[in-house]
Amino acid sequence: MSLFVPKFDESVIVRDAEAEVVGGAPVGVKLLADSSASGGALSTVRVTLGEGADGARPHLHHNSAEMFYLLDGAAELLSGDDIVTAERGDLVIVPPGKPHAFAAVPGSTADILIVITPGVERFEYFRHLQRLRLGEATLESLLEAQELYDNHYLRSVAWEGRR
């Protein structure tokens, strides 16, 4: 087992009012701290999902674990072939290489703090998703950037059959 020691000198302080928000209803992503701010230790965002809204399609990260902490509401999380329902105060950590996805439970909203560690520069990934939603980028351009963001999409029979 190797130990990763991040290198940064100053505490990272992100004021809520100053954080960039990408998207909006039904899916908003507040960009909190990218990998470069934490010396590679982590990347973190806050995702708010409207009632029953999908957050992320099935994907995996080869080099990072992803933590989901439910600040409020309820979410369905794919972890491998299992679907877990998480509610306020619940924590789910998905290891590297394990397929995962998330969505608000039907009839519920979800407010989720997401941390990826070690960090990956992810802010531009979320901006890319926004450009895709606005018709300013193509799905092909996102698929071409999977390696850059260590975000590899895949199919999940369990996720597709959940509703």
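The values are calculated or read from the model by the stated rules, or taken from the named source; none is laboratory data. Note that the structure is predicted; figures quoted are calculated from it, not measured. Cβ coordinates were reconstructed from backbone atoms using ideal geometry, including for glycine residues, and neighbour counts include every protein chain displayed. Please note that ligands, DNA and RNA were not included when accessible areas were found on the heavy atoms of the full protein model with its side chains. Shrake-Rupley method; radii C 1.70, N 1.55, O 1.52, S 1.80 Å.
Screening residue 97 with (1) surrounded by fewer than 15 Cβ atoms within 10 Å (Cβ to Cβ); (2) of a type outside the set (Ser, Thr, Tyr); (3) modelled with pLDDT of 95 or more; (4) under 19 Å from residue 50 (Cβ atoms) gives one miss only, at (4).
Filtering the stretch 32-51 to residues that are farther than 21 Å from residue 132 by Cβ and over 11 Å from the mean Cα position of the chain (by Cα) leaves 32, 33, 35, 36, 37, 38, 39, 40, 41, 42, 51.
Based on what the data block shows, is residue 14 at pLDDT 95 or above, open to solvent by 10 Å² or more (accessible area, probe 1.4 Å), part of a strand (DSSP E or B) and hydrophobic (A, V, I, L, M, F, W, C)? Here the answer is no, as residue 14 does not meet what is asked.
Is there any pair linking a residue in the stretch 150-163 that is closer than 14 Å to residue 60 by Cα to one that is open to solvent by less than 60 Å² (accessible area, probe 1.4 Å) and of a type in the set (S, T, N, Q), with Cβ under 8 Å and at least six apart or on different chains, and which? What qualifies is 150/64; 152/146; 153/146. Of all the numbered requirements in (1) outside any strand (DSSP E or B); (2) open to solvent by less than 50 Å² (accessible area, probe 1.4 Å); (3) more than 17 Å from residue 124 (Cα to Cα), residue 37 misses one, and that requirement is (3).
The test for being more than 27 Å from residue 25 (Cβ to Cβ), at pLDDT 95 or above and aliphatic (A, V, I, L, M) holds for residue 65.
Scan the stretch 42-52 for residues that are surrounded by fewer than 19 Cβ atoms within 10 Å (Cβ to Cβ) and either hydrophobic (A, V, I, L, M, F, W, C) or at pLDDT below 95 (or both) and report the count. The qualifying residues number 0.
Of all residues in the stretch 21-34, those that are outside any strand (DSSP E or B) and either open to solvent by 20 Å² or more (accessible area, probe 1.4 Å) or at pLDDT below 95 (or both) total 2. When restricted to residues that are in a helix (DSSP H, G or I) and either within 19 Å of residue 28 (Cα to Cα) or open to solvent by less than 50 Å² (accessible area, probe 1.4 Å) (or both), the stretch 149-163 contains 3. For the stretch 57-148, the strands (runs of 3 or more DSSP E) that sit wholly inside it and include 3 or more residues that are closer than 14 Å to residue 45 by Cα are 65-79, 110-117. The set of residues from the stretch 101-120 being in contact with a strand residue (DSSP E or B) (Cβ under 7 Å, 6 or more places away or on another chain) and either within 23 Å of residue 7 (Cβ to Cβ) or open to solvent by less than 20 Å² (accessible area, probe 1.4 Å) (or both) comprises 101, 102, 103, 104, 110, 112, 114, 115, 116, 117, 119, 120.
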